[in-house]
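Trainee: Provided herewith is a single structure, encoded as structure tokens, for subsequent inquiry.
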Amino acid sequence: MHCPYCQHSDTRVIDSRVSDDGTTIRRRRECEACGERFSTLETIELKLPAIVKSDGRRENFDARKLRQGFDRALHKRPVSEEQIEVGVRAVIHHLRMTTERELQSRRVGEFVMAELRKLDQVAFVRFASVYRKFEDAADFREELDRLEHDLAGEGQLPLLGGDVVSIDKNKKR
């Protein structure tokens, strides 16, 4: 590591500390030539797959966009920052575990929906409605029916409570 002050190529590590989340290491260094001290941050560099958009464009994965998607879906929902971070990290983990160099944005959306489904039913339906381009109330009803069926017995409260009248007014569940 070159010294930022005198550009000498020999510096030594004085102290190393791992960040609270374990993703970075802060190293305190000293230049052998001028004696100045400085800090460096070491992070893991894993190549995440490029994201292929529906129109064919390719973009580098952007964790900020992922976080914004979670934040929009979970706006004013009773989910903690820690829980959101766990969901974001889980999606990134799924991306890392794929061995593909490119990934359809649709698959990323599926990973996000899976994590939102675990966190909050309302946030899941919000995200799904935009992601799957719901066009009418019937689309919402179908997704709600699927969600209630999938989550039966998992400890979350029912979305609509009590007896639910399906889209077909004559059929009661």
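Nothing in this text is a laboratory measurement; each read-out follows from the coordinates by a stated rule. In this text the structure is predicted, and so the values were computed from the model without any measurement. Here the Cβ positions follow ideal geometry from the backbone for every residue, glycine too, while neighbour counts run over all protein chains shown.
Trainee: Quick one: if the Förster radius is 22 Å, what FRET efficiency do residue 146 and residue 106 give, using the C-beta to C-beta distance and rounding to 0.05?
Mentor: Here the calculated transfer efficiency is 0.80.
Trainee: Additional query: Please report the relative contact order for the stretch 1-55, taking Cα pairs under 8 Å with a sequence separation of at least 6, and give it as a percent rounded to a whole number.
Mentor: Worked out over the stretch 1-55, it gives 26 percent.
Trainee: A further question follows. When a footprinting reagent is the concern and you count Cβ atoms within 10 Å, what order do 51, 14, 92 take, fewest first?
Mentor: 14, 92, 51
Trainee: Got a sec? How would 52, 91, 18 order by Cβ neighbour count within 10 Å, fewest to most?
Mentor: Ascending number of Cβ neighbours within 10 Å: 18, 52, 91.
Trainee: Relative to the present Cα-Cα distance, how much length would full extension add between residue 122 and residue 90 at 0.36 nm per residue of separation?
Mentor: Difference between extended and current length: 9.6 nm.
Trainee: Can you run phi through the Karplus equation (6.51, -1.76, 1.60; θ = phi - 60°) for the stretch 14-31 and list ³J(HN,Hα) in whole Hz, with x for Gly and Pro?
Mentor: 9, 8, 10, 9, 8, 5, 4, 8, x, 9, 9, 10, 9, 10, 9, 10, 9, 6
Trainee: With each label point set 7 Å from Cα along the Cα-Cβ vector, what nm distance links residue 17 and residue 44?
Mentor: Output for this residue pair reads 2.2 nm.
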